[in-house]
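The values are calculated or read from the model by the stated rules, or taken from the named source; none is laboratory data. Fair warning: this is a prediction, and the values are worked out from it, not measured in the lab. All Cβ positions, glycine included, derive from the backbone under ideal geometry; neighbour counts span all protein chains shown. What goes into the accessible areas is simple: the full protein's heavy atoms, side chains included, and nothing from ligands, DNA or RNA. Shrake-Rupley method; radii C 1.70, N 1.55, O 1.52, S 1.80 Å.
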Amino acid sequence: QHGMTVSPVVANLGPLEALTLSPNPEEVEEVFTLPLAHLLREENQGYTHFRTASGYGYTLPVFLNGPHKVWGLTAIITELTLELLVPGCY
């Protein structure tokens, strides 16, 4: 709607002993990681149902039980990535 582009980046960071990233503080409040095993556990997966004025609207994925809830566009990108990386497990 506003001419914005989103470019998701997926990477294997290897062992994370000293993660030093400098995100734009106007766009990102905090950076955190979640292991693939955490994302694949069913108890950490869910969906949020949104309604519109006319009733049912849409359903979006959500990932729970980490340092923060992963929702919105980040959860959509995560879900699509899991479908590609581990199609038999997700």
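Tabulated data
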| quantity | calculated |
| --- | --- |
| Inter-residue pairs, beta-carbon under 9 Å, first on the phi > 0 side of the Ramachandran plot and in the stretch 66-80, second modelled with pLDDT of 90 or more and hydrophobic (A, V, I, L, M, F, W, C), 6+ apart | 72/60; 72/62 |
| Qualifying positions in the stretch 17-66 - hydrophobic (A, V, I, L, M, F, W, C) and either at pLDDT below 85 or open to solvent by 50 Å² or more (accessible area, probe 1.4 Å) (or both) | 18, 19, 21, 28, 31, 32, 36, 37, 50, 53, 64 |
| Any hit, the stretch 3-10, residues being without any contact (Cβ under 8 Å) to a residue 12 or more places away in the chain, open to solvent by less than 100 Å² (accessible area, probe 1.4 Å) and of a type in the set (A, V, I, L, M, F, W, C) | no |
| Residue 21 touching a residue at least 12 places away in the same chain (Cβ under 8 Å), part of a loop (DSSP other than H, G, I, E, B) and out of contact with any helix residue (DSSP H, G or I) (no Cβ under 9 Å at 6 or more places or on another chain) | no |
